[in-house]
Amino acid sequence: MAEPALAYPPRPCPALDAILALHEDSLPPTDREPMPDVDEQERPLNYSRYAIRRHMRRVDDQVAVYGDMFVYYIGRDDRGEPVKRSVAPDVFVVYGTPYRLNRRSYVLWDEPEADIRFVLEIASRSTRAHDHGAKRDIYASLGVREYFLYDPPGQRRPAALVGLRLRDGVYREIAPGALPDGRPGVRSDVVGLVGYVAEGGWLRWLDPASGKDLREFDEHADRADAADAYERRAEAAERRVAELEALLRKR
């Protein structure tokens with residue numbers, strides 16, 4: 001069982017004063033934990049971070065979506081004294097604060113009004129046990145309402161997505177529902193999306209309101225480029241028509 005986060009504010013003491021004096025600019029954005037297995041994690045991580053952030057911007061401008069960033073909190077050591085701790089969610093959603101570009105880390109004691117409500121972890125060979133064990137306990141102690149875990153496909157293991165919801169301080173698995181095509185999906189009440197494992201084992205997010213998947217950055221960029229090209233062709237056609245009309249009037 002991981003050490004729980006202390007209630008804010010915990011009992012005053014010199015150790016706590018030293019922690020509270022630390023701020024975003026004085027805390028390192030990384031530590032010496034193992035790097036992720038890029039081939040397994042990079043695509044679903046980038047897709048989820050971009051797609052969920054884009055979706056939440058349309059929902060509430062006081063919601064921020066970050067990823068691959070350290071969250072600092074106050075834990076306790078073996079003697080029960082406050083100690084600085086950190087955890088690095090792959091993707092997390094914070095209510096009560098707008099998105100801020102170039103944020104280095106997220107320091108909970110600096111922003112007690114903000115509320116981390118959703119975390120997504122993308123497991124790998126080196127992090128799977130930690131994601132399913134210690135991190136699960138840490139997020140529960142921090143009061144994170146939903147914890148989703150995506151396991152990419154392996155040589156002998158199919159891809160899987162599990163959603164957990166916090167009830168009375170304990171995570172309970174969210175019962176999967178059926179997508180329109182019959183495949184199982186797990187709905188998040190926090191972000192209002194349904195996660196599922198698509199063909200090829202890739203993680204996808206479905207917007208129930210539109211019935212469509214959230215697009216990856218490349219997919220969105222391709223569509224934006226196509227729209228721009230169409231608009232340029234339309235403008236060129238309008239100019240050509242205007243030129244022909246002017247020529248006819250002269251004649």
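The values are calculated or read from the model by the stated rules, or taken from the named source; none is laboratory data. These figures come from a predicted structure and were not determined experimentally. Cβ coordinates were reconstructed from backbone atoms using ideal geometry, including for glycine residues, and neighbour counts include every protein chain displayed. SASA here: full protein model, heavy atoms, side chains in, ligands and nucleic acids out. Shrake-Rupley method; radii C 1.70, N 1.55, O 1.52, S 1.80 Å.
Of the peptides 41-47, 148-154, 59-65, the ranking by mean beta-carbon count within 10 Å, highest at the top, reads 148-154, 41-47, 59-65.
With all protein chains in place and a 1.4 Å probe, the accessible surface of region 79-131 carries 47 percent carbon and sulfur. Label-to-label distance for C13 and D77 is 0.9 nm, based on points extended 7 Å past Cα in the beta-carbon direction. Using the Cβ of E111 as centre and a radius below 13 Å, the other residues enclosed give a net charge of -2, where K and R count +1 and D and E count -1.
In this structure, D213 and L27 have a Cβ-Cβ separation that, at R0 = 41 Å, corresponds to a calculated FRET efficiency of about 0.65. Taking amide hydrogens as placed 1.01 Å from N in the peptide plane, the amide H of D68 sits under 5 Å from those of D90, V91, each at least 5 positions away in sequence or on another chain.
Mean separation of Cα pairs under 8 Å and 6 or more residues apart, divided by the residue count, gives region 37-90 a relative contact order of 27 percent.
Using the Cβ of T97 as centre and a radius below 14 Å, the other residues enclosed give a net charge of -2, where K and R count +1 and D and E count -1. Label-to-label distance, A160 versus Q62, with points set 7 angstrom from Cα along the beta-carbon direction: 3.9 nm.
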